[in-house]
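> One structure coming up, written as structure tokens, with questions to follow.
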Amino acid sequence: MFRPAAIFIGLRYTRAKRRNHFISFISMMSMIGIALGVMVLITVLSVMNGFDREIKNRVFSMWPPVTVTTMSGFLENWPEAEKIIEKNPSVTAVAPYASEQAMLTHEGFVQPVMINGIDPAAEKNLSELANKMVQGKLTQLVPGSFGIVLGEDLANRLDVAVGDKVLALTPHLSLTPAGIIPRSKRFTVIGIFRAGSGFGFDAGLAFINISDAQKLLVLGDSVTGIHATIKDVYRAPLVSQQLSESLGPNARVLDWTDQFGAYFHAVSLEKNMMFFILMLIIAVAVFNLVSTLVMVVNEKESDIAILRTFGATPRMVMMIFIVQGAIIGVAGTLLGVLSGILLALNVTSVVNWIQHIFHVQFLSSSVYFIDYLPSEIQSSDVIRIGVSALILSLLATIYPAWRAARTIPVEALRYE
């Protein structure tokens, strides 16, 4: 089978011989170094993707991507606004809400809270609150019952359980014979939910029926605003702009990036920094590859000189050593990609096994939102890492190959 001379000779130079075992060992170390760098980089970025996914799931399971309200804080003709929002092709579900900051008290315990008045039937299409109930059911929030659903941490801080009574104090004032006092209402705890730590949902949210919220907040038939879910949460800023144009200047359209954008920006920034920092591992292996090829060039000077006398051009000599370096780079990259994907797919099991064997806990849900190491492989990351490693490997061959091409046959054979 015909093979170009440069490829044939480059392949022969990669094989170990009796007198160059050390160089072959260095070549092997370079290949392993590239593989390790690629493997670590794929695994780390997959773990960062896993954390990003878990944060998104945690946020969007409780918080709608788009919120429509007004500067005054209440929306009067909300059914008409709801119809306008539903016409947007990106919107999948809408529901009105009524919310206000309040204080909950129980037997001397006082906690600040955001009270959200919701329609339990419509809330199933907006969030996973119904699936996160650990006690009671969301459907028990019926109009006029003045029931309330608390987060688990909030219930613990108030020392309440299902069936207990809590007093809600709002900033709205009522005129009584005793003077002006905050408007208050006693609610019965009918359920407790657990959304998980990290964003304060369990400690700062409480849900009541929207009809009860309208009475508590003296809204009449008005609501605070409308929550909406969309097909692609990453298009929330664009959808918000479209809704703002459709609803007019009195509408105030917010999306999840206004409140939680900093979290995702931090994860994205950390991921990019990890990529560049861990690329240094591959760069170190690539420098080792440069040293290997320089030693090969020094050892093969006489062979290069003989090839030149047989008619080999400087270009052909360069290609010989570029092929040799490329083989090491390609082999190391492929080995690293395969091992990186394998490790990233099993990193959760591996870490859990290590924790079980050594009786340690690497992650605490109170600090990292979760108590396990998540992982999500993205093809774009694998391609970017593989291409970067190949480019660095090819760049590493340029100087040794150029140096080999400059070999002068007469000087190289003078002492042979």
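> Inspect segment 48-67 for any residue being closer than 30 Å to Thr224 by Cβ and assigned to a strand (DSSP E or B) and give the result as yes or no.
From segment 48-67, those closer than 30 Å to Thr224 by Cβ are 54-67; that's our starting set.
Subsequent filtering for residues that are assigned to a strand (DSSP E or B) retains 66-67.
Within segment 48-67, one or more residues are closer than 30 Å to Thr224 by Cβ and assigned to a strand (DSSP E or B).
> In segment 210-222, how many residues are under 11 Å from Tyr97 (Cβ atoms) and of a type outside the set (A, V, I, L, M)?
Total satisfying the criteria: 1.
> While we're here: Do you know which residues across segment 48-61 are in contact with a Lys or Arg (Cβ under 8 Å, 6 or more places away or on another chain) and more than 17 Å from Ile377 (Cβ to Cβ)?
Result: Ser61, single match.
> Looking for something within 25 Å of Lys56 (Cβ to Cβ) and surrounded by 17 or more Cβ atoms within 10 Å (Cβ to Cβ) - is there at least one such residue anywhere in segment 76-83? Can you show your working first?
Quick first cut of segment 76-83, residues within 25 Å of Lys56 (Cβ to Cβ) only: none.
Scanning segment 76-83, I find no residue that is within 25 Å of Lys56 (Cβ to Cβ) and surrounded by 17 or more Cβ atoms within 10 Å (Cβ to Cβ), so the answer is no.
> Here's a follow-up. Can you find, within segment 143-159, the residue that is least open to solvent (accessible area, probe 1.4 Å) among those that are under 23 Å from Ser127 (Cβ atoms) and assigned to a loop (DSSP other than H, G, I, E, B)?
Phe146
> Out of the residues in segment 365-416 that are at pLDDT 80 or above and of a type in the set (Asp, Glu), which is least open to solvent (accessible area, probe 1.4 Å)?
Ranking the candidates gives Asp381 first.
> May I pose another question? Kindly provide the set of residues from segment 252-265 that are of a type outside the set (D, E, K, R) and either closer than 14 Å to Trp63 by Cβ or surrounded by fewer than 13 Cβ atoms within 10 Å (Cβ to Cβ) (or both), ordered by number. So that I can check it myself, show each step before the final result.
From segment 252-265, those of a type outside the set (D, E, K, R) are 253-254, 256-257, 259-265; that's our starting set.
Across segment 252-265, the qualifying residues are Leu254, Trp256, Thr257, Gln259, Phe260, Gly261, Ala262, Tyr263, Phe264, His265.
> On to the next question. Any residue that is touching a His at 6+ places or on another chain (Cβ under 9 Å) and over 15 Å from Thr188 (Cβ atoms) - is there at least one of those in segment 131-146?
Filtering segment 131-146 for residues touching a His at 6+ places or on another chain (Cβ under 9 Å) gives none.
No, segment 131-146 has no match at all.
> If you scan segment 221-246, which residues turn out to be small (Gly, Ala, Ser), more than 30 Å from Met48 (Cα to Cα) and not in a strand (DSSP E or B)? Show your work before the answer.
Step one: of segment 221-246, the residues small (Gly, Ala, Ser) are 222, 225, 228, 236, 240, 244, 246.
Adding the requirement that they be more than 30 Å from Met48 (Cα to Cα) leaves 222, 225, 244, 246.
Across segment 221-246, the qualifying residues are Ser222, Ser244, Ser246.
> Suppose we filter Gln135, Gln140 for residues that are surrounded by 16 or more Cβ atoms within 10 Å (Cβ to Cβ), farther than 27 Å from Thr67 by Cβ and under 36 Å from the mean Cα position of the chain (by Cα); which single one remains? So that I can check it myself, show each step before the final result.
Values: Gln140 fails: farther than 27 Å from Thr67 by Cβ.
One residue alone meets the criteria, Gln135.
> Among the residues that make up segment 109-121, is at least one of them under 29 Å from the mean Cα position of the chain (by Cα), closer than 17 Å to Gln242 by Cβ, hydrophobic (A, V, I, L, M, F, W, C) and surrounded by fewer than 21 Cβ atoms within 10 Å (Cβ to Cβ)?
Here is the first cut: in segment 109-121, the ones under 29 Å from the mean Cα position of the chain (by Cα) are 113-114, 116.
With the extra rule that they be closer than 17 Å to Gln242 by Cβ, the set shrinks to none.
No, because not a single residue in segment 109-121 is under 29 Å from the mean Cα position of the chain (by Cα), closer than 17 Å to Gln242 by Cβ, hydrophobic (A, V, I, L, M, F, W, C) and surrounded by fewer than 21 Cβ atoms within 10 Å (Cβ to Cβ).
> Separate question: Need pairs with beta-carbon distance below 6 Å; first residue at positive phi and within segment 135-150, second open to solvent by less than 80 Å² (accessible area, probe 1.4 Å); sequence gap 6+ or separate chains.
As it stands, the answer is Gly136/Val162; Gly136/Ile190; Gly136/Gly191; Phe146/Phe187; Phe146/Asp212, since those pairs meet every condition given.
> Among helices (runs of 4 or more DSSP H) lying entirely in segment 271-373, which contain 3 or more residues that are free of Cβ contacts under 8 Å to residues at least 40 places away in the same chain? I'd like the intermediate steps shown before the answer.
Values: elements: 301-309, 314-358, 365-368.
Counting at least 3 such residues, we get 314-358.
> Kindly list the number of the only condition in (1) closer than 25 Å to Asp221 by Cβ; (2) part of a helix (DSSP H, G or I) that fails for Asn131.
(1)
> Taking Thr224 as the residue in question, decide whether it is more than 22 Å from Ile34 (Cβ to Cβ), β-branched (Val, Ile, Thr) and over 18 Å from the mean Cα position of the chain (by Cα).
Numbers: more than 22 Å from Ile34 (Cβ to Cβ): yes; β-branched (Val, Ile, Thr): yes; over 18 Å from the mean Cα position of the chain (by Cα): yes.
Judged against the criteria, Thr224 is a match.
> Of the numbered conditions (1) open to solvent by less than 30 Å² (accessible area, probe 1.4 Å); (2) part of a loop (DSSP other than H, G, I, E, B); (3) not hydrophobic (A, V, I, L, M, F, W, C), Pro249 fails exactly one; give the number of that condition.
(1)
The values are calculated or read from the model by the stated rules, or taken from the named source; none is laboratory data. Everything numeric here is computed off the predicted structure, so don't read it as measured data. For neighbour counting, all protein chains shown are included, and Cβ atoms are generated from backbone atoms with ideal geometry for every residue, glycine included. The protein model used for the area step is the full one, side chains on, heavy atoms only, and it has no ligands, DNA or RNA in it. Shrake-Rupley method; radii C 1.70, N 1.55, O 1.52, S 1.80 Å.
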